[in-house]
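Read-outs: derived from the displayed coordinates by stated rules, not from any lab. Note that the structure is a prediction, hence the values are computed from the model and not measured. We place every Cβ from the backbone using ideal geometry, glycine too, and count neighbours over all the protein chains shown.
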């Protein structure tokens, strides 16, 4: 089996995507080919043996083979013809914009490239935190109360302390905790640097947080272990940056069987059928014994490999069990019948 | 000004998109170039003077110039180089799959092609009728009650009569009215031919229906007139097919000023800011004096030209007032700082 890894993208999380992509080399045993999407959204084939973060920051990748995305896959130019890049599936590890907002999903669906990653609807519903709330609420999965503010509507009704987040980013970029009224305007200004809309939620001090990842293969969800991530007020970008290179297995959270089952159940409810084809990580809060979805990461850092017992086998099994698109027949039945009625056929 | 029109697509509504595209020639006065997306999702430049439905059903278009979508636009191959197809903006008039589900939006956003049409999130939220319900409900715009059934969950709790719709199609394809229990299974089978999920709503006999279109330019919504469409149980595909070629202006519905204002208000609430960049048509029901959203058409048939006083001027004004994407800086700040800490920089 040969897998491709697409990473980079025009994204605030471009750099952590590079880190994630490099981390995958350590945890996937089959042959990997690396497709870099640079900030201009041009594609380059990066030699697997020579991948390191400097290649991108220095611009050295510009000498690597350029790829064009067309029907069926990525093509490179040879002397007189084009050569298709062979692989069984691409792993989408572009974080944030392009990778998690639905663009890469749409490109791969349109050009019929098999891929591991969230589909179009799944991307849009998890990337936009307001839509995630609507989605979770519709499935009776609890989510914290929220307000959406925009540049024209900055009046907050939630009581402090609150957490202020750009509506559409991940990786804690532009996120602030506001404990006093005097901090609110600045926190909003920061968040509005990254998005025209901002999500506000109550900030729960010392909240218990549990992360679980998984994917569906055939009829079954393959769950990772449940981790209680290390406590921080919230991960700032530098810490999260390092976090994305994780390949060390972690320990299972010490929780009751009841809570364990409830977290799995919430994960399953959110996953099916929207996220089929993707390895996602859900971050849950537990407040007064109740499970709340905090965030759905449809392309988690380094694909959350460190949470799985058998990550390598899982990815390779998923690669050959991806959702199939429905074939749409286009038969010109109506045009032919109209032409025939007009005597033109 | 020069506008491009993209039409076709791998879609159950491929044929009506051809009809819509041809209709636009009659109502837009500036130079038009036609980009056909065939059922294999290859792009062709169709000579504007020679466009007619037979060109597509006969396969004659395969002799037209092939186009490749890359950064910045569509390119055709000349002897030793590639030539960019020049235009100010593309009008997306692909109906249903590809055009309204978010794929074309994602492609054009990714490759930085300016376009008239729904953006990625707007497409996903209007294409999936379940998401449309969540969206409308969140904005306090009334929508009929509903149930979503899947192949594994076919038990209906809504009282008959109901209307059965594939969750993700437009143009009445696969839609049935079920008045008696004996008709339900067949109606579900028909709908499941087109989607794995089905939306069920109460069927309201002789419901008053009003259609309104519009788009936002600058700070203002430009509304079309409000039409009361001709009564049919619901439009079947043949009738709707003809409907998509409409270029004849229609008459304004005779309704009270209060209702007129309420329909406009609901339109505005649904439009802003999600649908910026698109000319959409909303189909409302009025039941016991209350306005309900029935359907949001983000690429309505022939762009609902027949509802506007000044369609030609409107489209050309919109083409130069499209939403701008936020520029994302990628500066390798973190990678550089890490390398510098390691002594590698």
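Can you name the chain B residue with its Cβ nearest the rotation axis from B to A, and give the distance in Å as a whole number?
Nearest-to-axis residue on chain B, with distance in whole Å, is B:106, 2.
Let me make sure I get this right: for segment A:145-202, a, b and c are the square roots of the gyration tensor eigenvalues over alpha carbons, sorted descending. Under 1.5 in a/c it's rounded, otherwise prolate if a/b > b/c, else oblate. Which is it?
rounded
Need the full-extension length gain, residue A:250 to residue A:29, defined as separation in residues times 0.36 nm minus the C-alpha distance. One decimal, nm.
77.6 nm
If you count, for each residue, the other Cβ atoms within 10 Å and average over each peptide, how do B:324-331, B:7-14 line up from highest to lowest?
Per-residue mean Cβ counts within 10 Å order the peptides as B:7-14, B:324-331.
Take peptide A:103-109, look around each residue's Cβ out to 10 angstrom, count Cβ atoms belonging to other protein chains, and average those counts.
Per residue, the number of nearby Cβ atoms from other chains is 6 on average.
So, in nm, how far is label residue B:337 from label residue A:138 when the simple model puts each one 7 Å beyond its Cα toward the Cβ?
Each label point is offset 7 Å from its Cα along the Cβ direction, giving 4.0 nm.
Measuring from a point 7 Å past the Cα of residue B:88 along Cα-to-C-beta, which residues in segment B:278-321 have an amide N at less than 13 Å?
B:312-321
Quick one: grab the alpha carbon gyration tensor of chain B, order the square roots of its eigenvalues as a ≥ b ≥ c, and give me rounded if a/c is under 1.5, else prolate or oblate depending on whether a/b is larger than b/c.
prolate
If contacts are Cα pairs under 8 angstrom and at least 6 residues apart, what is the relative contact order of chain A in percent?
18
How many nanometers, to one decimal and shortest first, lie between the label point of residue B:47 and those of its other copies, if labels sit 7 Å from Cα toward Cβ?
When each copy's label point is compared with this one, the spacings are 4.9 nm.
Which order do the peptides A:30-37, A:201-208, B:40-47, B:251-258 take when ranked by the mean count of other beta-carbon atoms within 10 Å per residue, highest first?
Ranking, from highest mean packing down: A:30-37, B:40-47, A:201-208, B:251-258.
Peptide A:116-125: average number of partner chain Cβ atoms within 10 Å per residue?
4
Show me B:138-144, A:272-278 ranked by packing, highest mean number of other Cβ atoms within 10 Å first.
A:272-278, B:138-144
Treating the point 7 Å from Cα along Cα-beta-carbon as the label, what are the nm separations from residue A:289 to the other copies, to one decimal?
Sorted ascending, the copy-to-copy spacings read 4.7 nm.
For the pair residue A:147/residue A:159, report the inter-label distance in nm, with labels modelled 7 Å from Cα in the Cβ direction.
1.4
Could I have the simple spin-label model distance between residue B:50 and residue A:320, label points 7 Å from Cα toward Cβ, reported in nm to one decimal?
4.8
Using helices alone, I'd like the mean residue ellipticity at 222 nm for chain B: each DSSP H run of four-plus residues gives -39500 (n - 2.57), total over residue count, nearest 500.
Mean residue ellipticity, 222 nm, calculated: -8000 deg cm²/dmol.
Determine, from the Cβ-Cβ distance of residue B:181 and residue B:205 and an R0 of 22 Å, the FRET efficiency 1/(1 + (r/R0)^6), rounded to the nearest 0.05.
0.80
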